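The values are calculated or read from the model by the stated rules, or taken from the named source; none is laboratory data. Predicted model only: the values in this text are computed from it and were never measured. When we count neighbours, we look across all protein chains shown, and the Cβ atoms used for this are built from the backbone with ideal geometry, even at glycine. Just so you know, the surface numbers come from the protein's heavy atoms only, side chains and all, with ligands and any DNA or RNA stripped out. Shrake-Rupley method; radii C 1.70, N 1.55, O 1.52, S 1.80 Å.
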Amino acid sequence: IGVRLVGSEMCIRDSSNSVKNIGAYAFCECIVLEDIHLPETLTKIEDSTFALCRNLSAITIPQNVTHIGRWAFGNCSRLRHVIIKGKTMPTITPTSFFEGTGTSMEDIAPLRFFLIIPKGCKEDYQNNSIWMAHAIAIFEE
């Protein structure tokens, strides 16, 4: 398993095909990140994994990810594109993607981004109030 950071791009290489999740706080406050390439074997993004990565603008969620934890992308204020590769919609919490400084739900707001999903999945996302709180628009690939 290797992590390579080149400029503002991070790539997690998994030659053993064994990375299933990325631990809580693993890349928290990594302000140089703008784009992330995650291994296809990933199934879960833990709580606060990429929180406070303030320059992160795009993330591609691999097809096997089924869950994105609380505050996983908290205060990633420049996040504009979330690309979901899997046909199964990952579960998220109301705080998986948010911005704010407070500790109560009244002090935070959902991050808003363009959501790019696989063809044929749009209705599932449109019927999910948590995902819809974040979507500026939904595009199918």
query = Restricting attention to segment 44-56, which residues are open to solvent by 50 Å² or more (accessible area, probe 1.4 Å) and assigned to a loop (DSSP other than H, G, I, E, B)?
reply = Arg54
task = Give segment 114-141 a look and list any residue that's closer than 21 Å to Cys76 by Cα and surrounded by 15 or more Cβ atoms within 10 Å (Cβ to Cβ), or say none.
result = Phe114, Leu115, Ile116, Ile117, Ile130, Trp131, Ala133, His134, Ala135, Ile138
message = Take the residues in segment 89-113 that are under 17 Å from the mean Cα position of the chain (by Cα) and of a type in the set (Ser, Thr, Tyr); name whichever of them is farthest from Phe73 (Cα to Cα).
response = Thr91
inquiry  = Yes or no: segment 114-137 includes at least one residue that is touching a Phe, Trp or Tyr at 6+ places or on another chain (Cβ under 8 Å) and touching a residue at least 40 places away in the same chain (Cβ under 8 Å).
reply    = yes
query = Within segment 98-112, can one find any residue that is out of contact with any Asp or Glu (no Cβ under 7 Å at 6 or more places or on another chain), modelled with pLDDT of 95 or more and among the aromatic types (Phe, Trp, Tyr)?
reply = no
message = Just the residues that are in a loop (DSSP other than H, G, I, E, B) and touching a Phe, Trp or Tyr at 6+ places or on another chain (Cβ under 9 Å), please, taken from segment 71-83.
response = Trp71, Ala72, Phe73, Gly74, Asn75, Cys76, Leu79, Arg80
inquiry  = Which count do you get for residues in segment 86-113 that are in a strand (DSSP E or B) and surrounded by fewer than 16 Cβ atoms within 10 Å (Cβ to Cβ)?
reply    = 2
query = Can you tell me which residue in segment 13-43 is modelled with the lowest pLDDT, limited to those that are buried (at least 19 other Cβ atoms within 10 Å of the Cβ) and in contact with a Pro (Cβ under 6 Å, 6 or more places away or on another chain)?
reply = Leu38
